[in-house]
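Visitor: Sending over a structure as structure tokens; questions will come in a sec.
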Amino acid sequence: MSVEQKRQEQQGRQERSERSVTVIGLGPMGQAMAGAYLDAGYAVTVWNRTAERAAELVARGARSAPSAEAAVAANELVVLSLTDYDAVFAVLDPLDPAVLKGRAVVNLSSDTPERAREAARRLAGHGAGHLTGGVQVPPSGIGSPESSTFYSGPVDLFQRHRAALEVLTGADYRGDDPGLAQLYYQIQMDLFWTSLVGYLHATAIAEANGISAEDFLPYLSSTAASLPGFQAFYAPRITAGDHRGDVDRLAMGLASIEHVRHTAEASGVDSALPALLAETFRRGVEAGNGAASLTALVAQFRAA
Ligand SMILES: NC(=O)c1ccc[n+]([C@@H]2O[C@H](COP(=O)([O-])OP(=O)(O)OC[C@H]3O[C@@H](n4cnc5c(N)ncnc54)[C@H](OP(=O)(O)O)[C@@H]3O)[C@@H](O)[C@H]2O)c1
């Protein structure tokens, strides 16, 4: 073997060892993540509580570690994709702390900001780094640079592993506080769940009146498309504490949501959702904000 061949082989070995990752947790998300790393040419070690879920990835070239401890020991970069942080602690707590030392744990499991801070503290106690991640796409979005994940934690750790993280999705670094990525993730989920349930409730009223979900779709889309305009108008006013009721009034909102509630009831549809909104608006009106904008609700929510 020539000197040049030896050099190339050594370089290849070095690159291969740099491009290696462990993925722990093989639900739909972890499966997609390990698959994206395999597609990108990484050496991938996987571990899952239910071992059979690794079979397809192993057939594609992943190595299945015999234990969580062996999986963590295999690579510096360890990606966790578990149901929640109870699962994270159930996997990490029994490990020999010596195995965790020097590891970069990228925790893409969802939970609260405080639990992310707790995980970072516990791992720091074992000499391991922790990056919190909040993935904003379903498994089908993994492997696409247009998708995005919030990250927070030590910036040097993020920079060191950024290229590897970007194999999964685009990376949106939010700051040093380990809770930040989950905070950004949870406020997105707040918006997502309430919007989606609003859509499903409206569809139930539509269907109860013979309008199919598909017939409703174009009208739904135009209402949904109007929301960014409202948000762009409201955001600077909320920041400035300006809740003038010059374009909308909470009292109008209360009357309107009561009409929705009565329409739901008359349609034989569960009206608990509009009733909850009506109750929220009514509290604002009773507190003297009837002539103020709906944005007065932000302060009302915060005072709860
Ligand atoms: N799916 C999505 O669309 C989506 C989108 C954005 C973010 N996320 C977040 O990404 C994370 C993973 O999502 P997913 O859909 O893959 O979740 P999932 O179906 O709940 O699976 C997660 C994994 O957690 C493991 N697990 C749960 N409890 C455990 C325990 N006590 N000990 C060891 N392993 C345990 C499961 O192992 P077993 O196979 O043995 O049960 C499974 O491999 C979640 O935090 C989720 O909120 C998901």
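The values are calculated or read from the model by the stated rules, or taken from the named source; none is laboratory data. All of these numbers come straight from a predicted model, not from anything done at the bench. Counting neighbours? That spans all protein chains shown, and the Cβs are built from the backbone with ideal geometry, glycine included.
Visitor: Return a yes/no flag: does region 32-41 have any residue that is in a loop (DSSP other than H, G, I, E, B), more than 14 Å from the ligand (Cβ to nearest atom) and charged (D, E, K, R). It would help to see each step written out before you state the result.
Guide: Of the residues in region 32-41, the ones in a loop (DSSP other than H, G, I, E, B) are 40-41.
From what is left, the residues that are more than 14 Å from the ligand (Cβ to nearest atom) are 40-41.
Those still in the list that are charged (D, E, K, R) too: none.
So far as region 32-41 goes, no, none of its residues is in a loop (DSSP other than H, G, I, E, B), more than 14 Å from the ligand (Cβ to nearest atom) and charged (D, E, K, R).
Visitor: So which strands (runs of 3 or more DSSP E) are wholly in region 76-143 and hold at least 2 residues that are at pLDDT 95 or above and touching a Ser or Thr at 6+ places or on another chain (Cβ under 7 Å)? Before the answer, list the steps.
Guide: Values: elements: 77-80, 104-107, 129-135.
In region 76-143, 77-80, 129-135 are the strands (runs of 3 or more DSSP E) which contain 2 or more residues that are at pLDDT 95 or above and touching a Ser or Thr at 6+ places or on another chain (Cβ under 7 Å).
Visitor: Any chance you could count how many residues in region 42-64 are within 14 Å of the ligand (Cβ to nearest atom), in a loop (DSSP other than H, G, I, E, B) and surrounded by fewer than 18 Cβ atoms within 10 Å (Cβ to Cβ)?
Guide: Count: 2.
Visitor: List the number of the failed condition for Val167; all other conditions in (1) more than 13 Å from the ligand (Cβ to nearest atom); (2) more than 16 Å from Leu77 (Cα to Cα) hold.
Guide: Of everything listed in (1) more than 13 Å from the ligand (Cβ to nearest atom); (2) more than 16 Å from Leu77 (Cα to Cα), Val167 misses just condition (2).
Visitor: State which residue is farthest from the ligand (Cβ to nearest atom) when the search covers only region 65-90 and only residues that are under 15 Å from Gly27 (Cα atoms) and surrounded by fewer than 20 Cβ atoms within 10 Å (Cβ to Cβ). Break it down stepwise before answering.
Guide: Quick first cut of region 65-90, residues under 15 Å from Gly27 (Cα atoms) only: 79-85, 87-88.
Narrowing further to those that are surrounded by fewer than 20 Cβ atoms within 10 Å (Cβ to Cβ): 83-84, 87.
Values: Thr83: 4, Asp84: 6, Ala87: 3 Å.
The residue in question is Asp84.
Visitor: Right, something else. Checking Asp39 against (1) closer than 18 Å to Glu166 by Cβ; (2) in contact with a helix residue (DSSP H, G or I) (Cβ under 9 Å, 6 or more places away or on another chain); (3) in contact (Cβ under 8 Å) with a residue 60 or more places away in the chain: exactly one of these is not met. Which one?
Guide: It is condition (2) that Asp39 fails.
Visitor: Of all residues in region 144-176, count the ones that are of a type in the set (Asp, Glu) and within 16 Å of Ala104 (Cα to Cα). Step through it out loud before you land on a result.
Guide: Going through region 144-176, the residues of a type in the set (Asp, Glu) turn out to be 146, 156, 166, 172, 176.
Checking which are within 16 Å of Ala104 (Cα to Cα) leaves us with 156, 166, 176.
Result for region 144-176: 3.
Visitor: So if I check each of Gly210, Gly253, which one is at pLDDT 95 or above and assigned to a loop (DSSP other than H, G, I, E, B)? If you could, list the steps in order and put the result at the bottom.
Guide: On the way: Gly253 fails: assigned to a loop (DSSP other than H, G, I, E, B).
Just a single option satisfies the conditions, and that option is Gly210.
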